[in-house]
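To start, the structure under review is shown below, and the notes come after it.
The values are calculated or read from the model by the stated rules, or taken from the named source; none is laboratory data. On a predicted model such as this, the values are computed, not experimentally measured, just so you know. Using ideal geometry, Cβ is built from the backbone for each residue, glycine included, and neighbour counts are taken over all protein chains shown.
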Amino acid sequence: MNNNRDRQPHRLVSRKGQFTLNVVRLGLPRLHFPDLYHWLLTLSWPGFFTLISLLYLITNSLFALAYLAGGDCIANARPGSFQDAFYFSVQTMATIGYGAMYPRTDYANIIVAIQALFGLWGVAMITGLAFARFSKPTARVIFSRVAVIAPFNGVPTLMYRTANQRFNQILEAQQRATLIRDEVTIEGEVMRRFYDLELLRSQSPIFALTWTVMHPIDENSPLYKLTAKDLVEQQAEIVITLTGIDETVSQTIHARHSFVASEILWNLRFVDIISRTPEGKRVVDYTRFHEVKPLEYNL
């Protein structure tokens, strides 16, 4: 437990929907190599391509040195030429086999056999990793930059927007909102507590356009009688999770977002972004997706 109430608020979920636990963990290894598969899957695409390129250059360089160690063991290669040995290594690992250079000694044939096996194994691993990264289901869901608290049917209601950025549908979409805040026990210990927020509609059989999610702040709500100042003092954060089935790939997708206290606006409501053309077609104006407007009266 930490009794320090002056620490800066932190965000559990980043703007891109990834968890960003801003916590210093003592006594735990980073687990890059023991958990290598997970690390390679979560590595960024530029980082992944850079890593593969470096491994490609390093591996061929090592095999080139192995060929040079065998003396003049490559036919039609310049004796002692690292460049020729490197290119021969590339041809061997990629199974190109132009035929201009070829092994001329038993030593070179042994290295070629080892490298050919290593090349087959490497290509299979890289192909598998690339396919796993490409086939990993991802969500293209946007959330409003802010949440608002405004009356709905006479009850103060927390509201935020979500939208599907893809031109398809998310089937059996479900959303869950959780309030996270600091509380002090009778013993004076600070605890980070989690409270589920009941939503007016937490499920949608077809999520294709936009979805305004609402939580009524009534007597049963953890937000009941709280003010904007209370949320700041409690370092409150509302974490949103969305799950559903992408109809294109028929796989479950996930999206996450969060609103800290400063991103929860009072006495405002979202601008209407749905209209119709004279021909009767529905129009969704995503350019105003994050816009809000003041109420005619305050809560």
Candidates Glu263, Glu247 - the one that is within 28 Å of the chain's Cα centre (by Cα) and within 13 Å of Leu158 (Cα to Cα): Glu263
Name the residues in region 83-120 that are under 17 Å from Gly70 (Cβ atoms) and part of a loop (DSSP other than H, G, I, E, B), would you? Met101, Arg104, Thr105
Note on region 215-243: residues surrounded by fewer than 18 Cβ atoms within 10 Å (Cβ to Cβ) and within 18 Å of Arg269 (Cβ to Cβ) are Ala228
Part of a loop (DSSP other than H, G, I, E, B), of a type outside the set (Val, Ile, Thr), exposed (fewer than 12 other Cβ atoms within 10 Å of the Cβ) and modelled with pLDDT of 90 or more, is that true of Pro79? yes
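Results for (1) under 23 Å from Ala139 (Cα atoms); (2) touching a residue at least 12 places away in the same chain (Cβ under 8 Å); (3) not β-branched (Val, Ile, Thr), shown as yes or no for each residue.
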| position | (1), (2), (3) |
| --- | --- |
| Glu219 | no, no, yes |
| Asp230 | no, no, yes |
| Val239 | yes, yes, no |
| Leu242 | yes, yes, yes |
Residues of region 155-195 classified as more than 29 Å from Ala208 (Cα to Cα) and assigned to a loop (DSSP other than H, G, I, E, B), total: 5
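Identify, from the list Thr227, Thr241, the residue that is assigned by TED's automatic domain parsing to the domain that holds Leu268 and at pLDDT 95 or above.
Values: Thr227 fails: at pLDDT 95 or above.
Checking each option against the conditions leaves just Thr241.
State yes or no: is Gly244 small (Gly, Ala, Ser) and in a strand (DSSP E or B)? Explain how you work it out, then say what you get.
On the way: small (Gly, Ala, Ser): yes; in a strand (DSSP E or B): yes.
Considered against the rule, which asks whether it is small (Gly, Ala, Ser) and in a strand (DSSP E or B), Gly244 comes out as yes.
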Residues (loosely packed, with under 15 Cβ neighbours inside 10 Å, modelled with pLDDT of 90 or more and among the aliphatic types (A, V, I, L, M)) located in region 248-273: Val271
All conditions in (1) within 17 Å of Gly119 (Cβ to Cβ); (2) exposed (fewer than 12 other Cβ atoms within 10 Å of the Cβ); (3) not β-branched (Val, Ile, Thr) are true of Ala85 except (2)
Take Ala236 and tell me if it is under 18 Å from Arg166 (Cβ atoms) and either among the aliphatic types (A, V, I, L, M) or in the same structural domain as Tyr160 (by TED's automatic domain parsing) (or both). no
